[in-house]
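Here is the structure we will look at.
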Amino acid sequence: MHFRRSIAALASLGSFFLVTACAGDDLNAEDPDATPQTSAGGGGEVAISGQSFPEAELVAAMYTHLLEDAGYTVDVKLVDTRDVYMQQFPGQVDVVPEYVGGIVDFLNVTENGADADPLTTSDAAESIGNAESLLEGQGITLLEPSEATDTNAFFVTQEYSEQNGVTTLSDLEGETVTLAAAPDCEGRADCAGGLEEVYGIDIEEVLPLGFASPQTYKSVLDGESQLGLTSTTDGTLESQGLVLLEDDQAIQPAQNLVPAVSTEFLDEHPDVEEPLTALMAALTTENLTELNGRVAVDREAAEDVAHDFLVEQGLLEE
């Protein structure tokens, strides 16, 4: 099963090989199918990709610090959407900071169509198990997921919450609202579709302003929209006078953070598993939210926040 458990104590991280490696290739190199030939573990070139938003940048920076410490030369290319990097993974991309529900849903819809029965549940291990054949067919291994989870979430202003007694999504049943969200939100079971079908909320319009974007925040703050789309680890809400509504009927699948690795790359470089698994064990929803706030609110560099956290957790030397 492509769901690997850590096979060594976290304390052994300090013994990782420190090997000088060659410079990384660009994702659009002339020979995109070329795979660096190195011995099993001990360094080499690794290409990381993922979606371009603050949390992904932060987690990718953590991956980079750890893999560089293990002797790898790391090339990171973050892109706008999952469908872009999934065209290059595996192959030109070796490692992706992923979310269980996100990658499982993507593979399911890609392979079986938009009307496919869902494979995701609220349990990460179960979701991964349900997708085992899809993952194997694509040559992707999911390592041990973190307890840290980052699901879609919906927010309103503090004023709206207090004036209307709204603290859960169920409190909006029968209400007509405008939703500011990502362009692909409309119809999705974990987004506008679920709000309408499960919660009975009348979504008058979905404004395609982005996922947790400045435009989405502004739309809700200005009263253009009543509801906005973000994530459960959004560290900026309190400072903006915004509050999350509880997903009390659980329309969100498990979105635990998980390293997705090319199975071929992992077979050739088994030493990448241990530091990434150790990182997943160290992350929680609470500390991830705090770290996101340092990047998004305090404007600290993601690389610096990532380094501080890894040193604090004993995963990286000062």
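Assorted remarks:
- Residues in the range 284-293 that are surrounded by fewer than 21 Cβ atoms within 10 Å (Cβ to Cβ) and either in contact with a Ser or Thr (Cβ under 7 Å, 6 or more places away or on another chain) or within 26 Å of GLN138 (Cβ to Cβ) (or both): THR285, THR289, GLY293.
- Residue in the range 86-101 that is touching a strand residue (DSSP E or B) at 6+ places or on another chain (Cβ under 7 Å), of a type in the set (Ser, Thr, Tyr) and either surrounded by fewer than 24 Cβ atoms within 10 Å (Cβ to Cβ) or in a helix (DSSP H, G or I) (or both) present: no
- Positions within the range 248-281 being of a type outside the set (Phe, Trp, Tyr), crowded, with 20+ Cβ neighbours inside 10 Å and more than 21 Å from GLU126 (Cβ to Cβ), in sequence order: SER262, LEU266, HIS269, VAL272, GLU273, GLU274, PRO275, LEU276, ALA278, LEU279
- Selection count, the range 163-192, where residues are under 22 Å from THR233 (Cα atoms) and out of contact with any strand residue (DSSP E or B) (no Cβ under 8 Å at 6 or more places or on another chain): 4
- Filtered residues of the range 65-77 (kept if more than 14 Å from HIS269 (Cα to Cα) and either free of Cβ contacts under 8 Å to residues at least 40 places away in the same chain or not in a helix (DSSP H, G or I) (or both)): ASP75, VAL76, LYS77
- Residue within the range 158-177 that is of a type in the set (A, V, I, L, M), under 27 Å from VAL95 (Cα atoms) and not assigned by TED's automatic domain parsing to the domain that holds GLU290 present: no
The values are calculated or read from the model by the stated rules, or taken from the named source; none is laboratory data. Note that the structure is a prediction, hence the values are computed from the model and not measured. Cβ coordinates were reconstructed from backbone atoms using ideal geometry, including for glycine residues, and neighbour counts include every protein chain displayed.
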